[in-house]
1. Find the lysine pairs in the chain meeting two conditions, Cα atoms under 22 Å apart and a separation of 8 or more places or different chains, and report how many there are.
2. R0 = 22 Å: FRET efficiency of Arg10 with Arg113, Cβ-based, nearest 0.05?
3. Among Leu44, Leu118, which comes first, then next, by fewest other beta-carbon atoms within 10 Å?
Amino acid sequence: MQEGREQKARFQYEQKVAAQQADEAAAASQRDAMARYREGRQLLSQQQAAIAGSGGNMTDPSVIDIMDDTSERVRLAADTDIYKGEQQARGYNDAAKVAGYNAESAMRAARIRAAGSLFSGMSSLFSRFGESNKKTESPTSVALPYGPR
C-alpha cells in the first residue's frame, strides 16, 4: 500500500505542475498578444507620422487601406499568440487529467495487490495447515450409523 500511496502522491504532484504550466502558458500568450497590440499601435503611429510628414492625407483611401491592413495583421498576430497559448494550455490540462487518472489507478492497483497478497497468504496457510490436518486425521473407532462418508 505504501508504494501505491507514493505513486499517487507523485502523480498528484505531476497533476499540479501540469495545471500550473497550463495557467502559465495561457498567461504568457496573453502577455504576448498585448505586446503585439502595443507594437501595432506604435507601427500605426509611425505610419501616421510618415504620411503626415510626406504631406499625405489621412482620409485618402489608399492610406486607410494600408492602416487597415496593418491593424488586421496585428490582430491576426495577437490572436495567433493567444491560440498557441490556449493549445499549449490544453495539452498541459490533458496531461494533468492523465496524471489524476494515474494517481487513482496507482491506489486502486495497490489495493488489488494488497488483497492479492492477503488471499495468497491465506491460501498458503490453508495449504500448509489444511493438508496436514487431513494427513494426521486418524480413523475413528466409532462406527458411523450410515456408513463412511
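Here, each number is a calculation from the coordinates, and none is a lab measurement. Here the structure is a predicted model, which is why all the values come from computation and not from measurement. Neighbour counts are summed over all protein chains in view; Cβ atoms, including those assigned to glycine, are modelled from backbone coordinates with ideal geometry.
1. Details: Lys8/Lys16; Lys8/Lys97; Lys16/Lys84; Lys16/Lys97; Lys84/Lys97.
Taking the chain as the scope, the lysine pair count is 5.
2. On the way: r = 17 Å, r/R0 = 0.77.
So, using R0 = 22 Å, E works out to roughly 0.85.
3. Numbers: Leu44 15, Leu118 10.
Least crowded to most crowded, the residues run Leu118, Leu44.
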